[in-house]
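Rule-based calculations on the coordinates, nothing more; no lab input. In this text the structure is predicted, and so the values were computed from the model without any measurement. In this analysis, Cβ positions are derived from the backbone assuming ideal geometry, glycine residues included, and neighbour counts consider all displayed protein chains.
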Amino acid sequence: MNAYLHCLSHTPLVGYVDPAQEVLDEVNGVISEARARIAAFDPELVVLFAPDHYNGFFYDVMPPFCLGIGATSIGDFSSAAGVLPVPTALAEACAHSVMKSGIDLAVSYCMQVDHGFAQPLELLLGGLDKLPVLPVFINGVATPLPGFQRTRMLGEAMGRFLSTLNKRVLILGSGGLSHQPPVPELAKVDAHMRDRLLGSGKQLPPDERELRQRRVIEAAERFVEDQKTLHPLNPIWDNQFMTLLEQGRLTELDAISNEELSAIAGKSTHEVKTWAAAFATLAAMGRYRAEGRYYRPIPEWIAGFGSLSAMTTN
Ligand SMILES: O=C(O)/C=C/C(=O)/C=C/C=C(\O)C(=O)O
Ligand SMILES: [Fe+2]
């Protein structure tokens with residue numbers, strides 16, 4: 001086995017608006033088991049596909065995909081802050097290889113990331129700095145968004161590069177599944193927020209950050225009371241999506257347009273492109289089989305919450 005994959009929903013709401021203790025215990029159990037499987041695999045390198053929520057990427061320049069050749073986590077909500085240990089020369093080689101494959105992958109030597117990147121590193125590895133990581137941003141909120149087909153092709157190009165390394169590679173996907181928390185949309189915001197989305201939000205004043213976090217927390221509290229206050233979770237679609245990935249039917253996703261996906265499962269569901277990229281990466285590294293599938297809709301976290309592992313078998 002040369003590659004192991006784990007995809008996991010993330011939520012900034014953990015610790016702020018939590019489900020019942022038995023649900024929390026169940027999720028923590030799923031995460032501990034995934035963490036144990038990853039530890040047994042003993043990865044030498046991590047590739048992490050994750051989105052951003054207007055903490056690192058803004059409308060001054062909004063790439064569909066970006067590889068961090070250097071990256072720092074801001075520590076929003078209760079996620080860890082700090083530098084991600086990106087191996088510079090390897091990341092540069094990766095960027096060249098993916099570009100030569102015909103995929104327009106942006107690079108950043110000072111990529112700013114949020115809980116989307118930090119949470120899986122903390123939960124699955126025990127911290128931001130445990131292993132060398134290639135962090136790959138996939139735009140999941142700021143339209144125009146990349147589609148499933150290009151995302152799959154990005155993953156395949158990454159997989160071909162990783163196959164040349166002779167390393168045990170852990171591939172992580174962060175985010176999804178069905179959900180629509182109150183992330184601002186450029187077309188709907190006032191002048192102040194527009195300015196923030198255009199780039200001045202990169203160093204958000206503490207009071208404004210607090211206000212923004214409160215807005216998400218309050219939306220979750222309302223959603224628990226009344227699930228008509230936000231786009232509903234869609235367990236049927238979420239499970240169909242996980243089955244497609246388990247069965248290696250990745251090209252079938254190409255036919256789903258971004259507009260369709262938003263309507264089916266909510267505007268933040270585009271975060272599942274990180275899962276699609278992760279599985280496409282794994283598929284390019286060999287035949288695979290999935291394990292450890294878990295799913296539960298968790299309104300407290302405004303999340304169709306899923307967890308799925310897979311490993312190459314050749
Ligand atoms: O309202 C804002 O400005 C920001 C909202 C968030 O950062 C929300 C994040 C939610 C998730 O990461 C999620 O995937 O549910
Ligand atoms: Fe998110």
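Taking a point 7 angstrom from the Cα of LYS188 along the C-beta vector, which residues in the range 220-253 have backbone N less than 19 Å away?
Residues 220-234 fall inside that zone.
Length gain on complete extension for the stretch THR243 to ALA80, per 0.36 nm per residue less the alpha carbon to alpha carbon distance? Mind dumping the intermediate values first?
Working: separation 163, 0.36 × 163 = 58.68 nm, distance 3.19 nm.
Using 0.36 nm per residue and subtracting the Cα-Cα distance, I get 55.5 nm.
Take peptides 88-98, 301-311 and line them up by average Cβ neighbours within 10 Å, highest first, as a rough protection proxy.
Ranking, from highest mean packing down: 301-311, 88-98.
Bins of 10 Å, beginning at zero and ending with the bin holding the largest distance: percent of Cα pairs per bin for the range 1-310, please.
Reading the bins upward from 0: 6, 30, 39, 21, 4, 0.
How big is the gap, in Å, between the Cα center of the range 242-314 and the Cα center of the range 92-128?
18 Å
Gaussian network model of the chain, Cα springs within a sub-10 Å range: biggest mean-square fluctuation belongs to which of THR143, THR11, THR269?
With Cα springs under 10 Å in the chain, the top fluctuation among THR143, THR11, THR269 is at THR143.
What percent do you get for the relative contact order of the range 1-310 when only Cα pairs under 8 Å and 6+ apart count? Numbers along the way, then the final one.
Numbers: 656 pairs, mean separation 96.3, N = 310.
Reported as a whole number, the value is 31 percent.
Roughly speaking, what is the centre-to-centre gap between the range 152-215 and the range 12-89 when only Cα atoms are used, to the nearest Å?
11 Å
Relative to the present Cα-Cα distance, how much length would full extension add between LYS167 and GLU252 at 0.36 nm per residue of separation?
Extra length from LYS167 to GLU252 when fully extended: 27.6 nm.
Roughly how many debye, to the nearest 20, is the charge dipole of the chain about its Cα centre, given +1 on each Lys and Arg Cβ, -1 on each Asp and Glu Cβ, and no other charges?
860 debye
Which of the lysines could be linked to LYS188 by a straight reach, that is with a Cα gap under 22 Å, when you skip same-chain ones fewer than 8 residues away?
Straight-line reach from LYS188, under 22 Å: LYS202, LYS228, LYS267.
Using 0.36 nm per residue, how much length does the chain from ASP207 to LEU24 gain when fully extended, once their Cα-Cα distance is taken away?
Gain in length upon complete extension: 62.9 nm.
Take every DSSP beta bridge whose two residues both sit in the chain, then give the antiparallel share in percent to the nearest 5.
50 percent
Testing the spin-label approximation: label points 7 Å from Cα along Cα→Cβ at GLU33 and SER200. State their distance in nm.
The two pseudo-label positions are separated by 4.9 nm.
Modelling each spin label as a point 7 Å along the Cα-to-Cβ direction, I'd like the VAL61/ALA263 distance in nm, to one decimal.
In this crude label model, VAL61 to ALA263 measures out at 3.6 nm.
Once Lys and Arg get +1 and Asp and Glu get -1 on their Cβ, which of GLY75, LEU308, VAL47 lies farthest toward the positive end of the dipole of the chain?
Toward the positive end, the furthest listed residue is VAL47.
If I model the range 236-298 as equal point scatterers sitting on the Cα atoms and use the Debye formula, what is log10 I(q)/I(0) at q = 0.12, 0.20, 0.27 Å⁻¹?
At q = 0.12, 0.20, 0.27 Å⁻¹ the computed log10 ratios are -0.30, -0.84, -1.38.
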